[in-house]
Amino acid sequence: MENNSFEEIWNKLKEFKKAIITLHSGPDGDSLGSCTAMKYVLEKYFNYEVTLISHDNLSETLKSLDLSKEVEFGKDILDFDLNNFDILIALDTGNAKRLGKNKKEINLPEDLFVINIDHHKTNEVYGNLNYVSSESSSTCSILVDLFQKVELDFDSELSKRLLLGICTDTGFFKTVRAISNVKKTFEQSVFLINHGANYVEDILMPIGINLPWKMKKYRALLINNAKINKEKRYCYSVLSSKDIKELNLNLAEVREGVQELQDIKNIDLIWTLAEIDNYIKGSFRCKSEVDVSKIAKELGGGGHKRAAAFILEDMSLEDAEKKVINTVEKFI
Ligand SMILES: [Mn+2]
């Protein structure tokens, strides 16, 4: 399906006044960066009234940013009467069921206008206007393109918010996913720094090199629990709900773990399985040409070619482990 143009999206945004925006489930830096950047622009240029919510908490690290104070936590979009809003802006959310709380089903009111901007390859194109670019490093990167296209004046606050998403979604310029777009990722970062974002003070010090001890322990546990198949070049690690409760990790923090395994020599494909209350969250990363969004899709999830995720329900951790190995081996 064709994308709508940036002009169409921008002109549509001008028509409205009252928006609801939610971070996606288990929100990350790109979700926080893109949602707060969009809020900032709508308020500053179009006098919008923006309700910005997140059902799930951020990681301890992201929560410590001042930016997080703009978000009302613990609220889902379905806790609101959506008829009270002109527009829902979905950012960094490939599937409408991941808007806010992870849901089994979602039926949005038919007269609620939806704009969907995202970089997940498996985006289900559920908006009235859609812009999906799986080549982009992050949703923040797409917003840089959009705001440049309409010749917006980038100030330091906007630049900082957008740089947050680019840095975190590329794992600080390390994620293999960004290789197709390395030059653009760096160019956009320099552009944002030239427009007032302070990489060291705003991003690197508070997030890049500021991990809570529990996150380091989580990473150590992932390594200790890891199983490696040298011949098939994959590695995975499984965490029980007991492990996760002992470390006091929320969903956003659990989602950050998989990157710990992605730099192992002679391993192409990695995944983690984490038991969270009544479901199992799985995350893939890949360095080879295997498209993990396809594997995740077969397991009921989705994502990017080199980074994808899924949820398994009504299954023991042991059964989930077998099911994922069987599915992976069909693709490699
Ligand atoms: Mn993203």
key: Between helix 139-149 and the chain: long-axis angle, C-alpha atoms, 0 to 90°, nearest 10   = 30
Whole-angstrom Cα spans of the range 213-331 along principal axes, big to small = 35, 32, 23
key: Derived scalar couplings ³J(HN,Hα) [the range 102-118; Karplus, 6.51 cos²θ - 1.76 cosθ + 1.60; whole Hz; x for Gly, Pro]   = 5, 10, 7, 9, 9, 10, 7, x, 5, 8, 7, 6, 10, 10, 10, 10, 7
query = In the P(r) worked out for the range 166-229, what percent of Cα pairs fall beyond 15 Å?
reply = 64
ask   = Please state the Cα pair-distance histogram of the range 116-265 with 5 angstrom bins from zero: what percent is in each bin?
value = 2, 8, 15, 16, 16, 16, 13, 8, 4, 1, 0
message = Please report the net charge: other residues with Cβ closer than 13 Å to the Cβ of Ser316, K and R +1, D and E -1.
response = -4
key: Cα-derived Rg to Rh of the range 199-268, Kirkwood definition   = 1.04
ask   = How long, wide and thick is the chain, going by the Cα atoms along their three principal axes, in whole angstroms, largest first?
value = 55, 42, 38
request  = For a footprinting-style exposure proxy, rank His119, His304 by other Cβ within 10 Å, fewest first.
outcome  = His304, His119
ask   = Of Gly29, Gly100, Gly196, which has the largest mean-square fluctuation in a 10 Å C-alpha GNM of the chain?
value = Gly196
task = Could you go through the range 53-70 in sequence order and give the Karplus-derived ³J(HN,Hα) for each residue, using 6.51 cos²θ - 1.76 cosθ + 1.60 with θ = phi - 60°, rounded to whole Hz, and x for Gly and Pro?
result = 10, 8, 5, 8, 6, 7, 4, 3, 5, 5, 5, 6, 6, 4, 3, 5, 5, 7
message = Explain nothing, just compute: Karplus ³J(HN,Hα) = 6.51 cos²θ - 1.76 cosθ + 1.60, θ = phi - 60°, for every residue of the range 74-83 in order, whole Hz, x for Gly and Pro.
response = x, 10, 9, 4, 7, 7, 9, 7, 5, 5
task = Report the full-extension gain for the segment Thr327 to Asn84: residue separation times 0.36 nm, less the Cα-Cα distance, to one decimal in nm.
result = 83.1 nm
Rounded if a/c under 1.5, otherwise prolate or oblate - the range 14-132, Cα gyration tensor axes = rounded
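Readers should treat all values here as calculations from the given coordinates under stated rules, not as data from a laboratory. Predicted model, so just to flag it, every value in this text is computed and none were measured. Counting neighbours? That spans all protein chains shown, and the Cβs are built from the backbone with ideal geometry, glycine included.
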